[in-house]
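What follows is one structure encoded as structure tokens, with my remarks underneath.
The values are calculated or read from the model by the stated rules, or taken from the named source; none is laboratory data. All figures in this text were calculated on a predicted structure; none of them were measured in a lab. For accessibility, only protein heavy atoms count, side chains too; no ligands or nucleic acids. Shrake-Rupley method; radii C 1.70, N 1.55, O 1.52, S 1.80 Å.
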Amino acid sequence: MTRRLRRAMVVLASAGGNTVPAIARLVQADEDTIRQVIHRFNEMGMTSLDPRCAVARTAPLTVRTPTRSRVVIGETDALVIRGSFTERG
């Protein structure tokens, strides 16, 4: 299913009186994403259905500084790096 079709389905389902949870189940998406698509459509109209029109993330990704620790497994040393991309909240 294309992005344009999914967004159009969300808008049509919303216009038909369906709730956000029902629409989320219909298109198998997160409820926050459904709300963003609807709000963006209300702000931008048909332009918002364009696949090049990205729905903004609510929390930008940040990088945590990795930490290092050494784990000894039998005779072999293994370097373990902890840290990941996380959402700022």
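Collect the residues in the range 31-48 that are open to solvent by 90 Å² or more (accessible area, probe 1.4 Å) and either polar (S, T, N, Q) or on the phi > 0 side of the Ramachandran plot (or both), keeping them in residue-number order. Before you say what the answer is, go through the steps one by one.
Initially, the range 31-48 is screened for residues open to solvent by 90 Å² or more (accessible area, probe 1.4 Å), giving 35, 39, 42-43, 46.
Within the range 31-48, N42 is the sole residue that qualifies.
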### Condition check for T2: modelled with pLDDT of 90 or more, among the β-branched types (V, I, T) and open to solvent by 60 Å² or more (accessible area, probe 1.4 Å)
no
